[in-house]
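Here the structure comes first, spelled out in structure tokens, and everything after it is commentary.
The values are calculated or read from the model by the stated rules, or taken from the named source; none is laboratory data. Computed from a predicted structure; not experimentally measured. Every residue, glycine among them, receives a Cβ derived from its backbone with ideal geometry; neighbour counts consider all protein chains shown. Accessible surface is based on the protein model in full, side chains and every heavy atom, while ligands, DNA and RNA are left aside. Shrake-Rupley method; radii C 1.70, N 1.55, O 1.52, S 1.80 Å.
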Amino acid sequence: MEDGSIDEEIVENVADCPGCSSPCGHEILKERKAGKGANYLLKCDECGHIHTLELRPPKAIMIPFLLSEGANTRMIDIEMDDDEELHVGDIFEHDEASWEINRIETKTGNARKKLISSKVGRVNAVRSDVVMVRLTLTRGEFSDSDSIFVEREKAYKAGSIMEHNGSKWKIRAIHTGAGRTMTGRVPAYDIKRIYLHEPPKPEANISLTPRERRQAW
């Protein structure tokens, strides 16, 4: 058209037509309730074919989910529509937390990347809004390992002081997937391990030079 506008044809009641073998607009000749759904008698706008369409709401089923949060796991049942498709990597909310699907199994225990819920035997998921950060704590010549659970976006800065189990520690270095860093901030989800050293305790009546204070760390 000269004014640049586009005429759009509005097609109502689109459904697959057995006569046309493609989605077409239909006229509803009759409607009858059937359980929680309905049966429709339709007439195709394109070829005039008359056929029946049955619409039913999806059936709710219970799917076993194995939820893992660090070393803790629990099995629960979650209600889903039987025609819902699940994918590895999907994020969902449960118990005011976010979870990521990392494994989907058929009823025979075979792993799949995606699957209709009616064919699912079990789903494994891990906590996605909280991550585990491993720690190495060094006091003098002795080192211990520990771990903490923190929000995935929480940032840690190399060289700063943090508290752990009631004590103060200096973040000596942070190990990420790209290597070890002794400067800058790193979000918890990108941390493989934090190396902590116990801060030096000032000795009474002893004045340290700037170099001695640096070496004490």
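For the stretch 32-155, the calculated P(r) over all alpha carbon pairs, in 5 Å bins from 0 to the bin holding the longest distance, is 2, 9, 14, 14, 11, 9, 9, 9, 7, 5, 3, 2, 2, 1, 1, 1, 1, 0 percent.
The relative contact order of the chain, computed from alpha carbon pairs under 8 Å that lie at least 6 residues apart in sequence, is 11 percent. The 3J(HN,Hα) values that the Karplus relation (6.51, -1.76, 1.60; θ = phi - 60°) gives for the stretch 117-125 are, in residue order, 4, 5, 9, 7, x, 7, 10, 9, 9 Hz. Gly and Pro appear as x. At 1.4 Å probe radius, can you tell me the per residue accessible area of the chain in Å²? About 70 Å² of surface per residue is accessible. With P(r) over Cα pairs in 10 Å bins from 0, in percent as the read-out, I listed (i) 6, 14, 16, 10, 6, 5, 5, 5, 5, 5, 4, 4, 4, 4, 3, 3, 1, 0, 0; (ii) 7, 29, 35, 21, 6, 1; (iii) 7, 19, 16, 16, 14, 10, 9, 5, 3, 1, 0; which label goes with the value calculated from this structure? Evaluating P(r) over Cα pairs in 10 Å bins from 0, in percent on these atoms matches (iii). The trypsin sites (Lys or Arg not before Pro) of the stretch 25-104 meeting both criteria, a DSSP state outside H, G, I, E and B (loop) and at most 12 other C-beta atoms within 10 angstrom of the site's C-beta, are K36, K59.
Rounded to the nearest Hz, the phi-derived 3J(HN,Hα) couplings of the stretch 43-54 under the Karplus curve 6.51 cos²θ - 1.76 cosθ + 1.60 (θ = phi - 60°) are 10, 5, 5, 8, 10, x, 5, 9, 8, 9, 10, 9, where x marks glycine and proline.
Coupling constants for the stretch 66-75 follow from the phi torsions by the Karplus curve (6.51 cos²θ - 1.76 cosθ + 1.60, θ = phi - 60°), and in residue order they are 9, 9, 10, 9, x, 8, 9, 10, 8, 9 Hz; glycine and proline get x.
A straight Cα-to-Cα reach below 25 Å connects K192 with the lysines K154, K157, K168, K170, residues fewer than 8 places away in its own chain not being considered. Using the structure shown, select from K36/K119; K36/K107; K59/K114; K43/K113 the pairs with a Cα to Cα distance greater than 30 angstrom. The answer is K43/K113.
Mean separation of Cα pairs under 8 Å and 6 or more residues apart, divided by the residue count, gives the stretch 94-155 a relative contact order of 28 percent. Amide H contacts under 5 Å for C47: none, restricted to partners 5 or more places along the chain or on a different chain, H placed in the peptide plane at 1.01 Å from N. Test of understanding: given the chain, find the longest segment containing no GluC sites (Glu not before Pro) that are in a DSSP loop and have at most 11 other Cβ atoms within 10 Å. The longest such stretch corresponds to 13-95. Percent of accessible area on the chain owned by carbon and sulfur, 1.4 Å probe? Of all accessible area on the chain, carbon and sulfur atoms account for 46 percent.
Residues whose amide H falls under 5 Å from that of S128, counting only those 5 or more places apart or on a different chain, are S98, W99, E100, with hydrogens built in the peptide plane.
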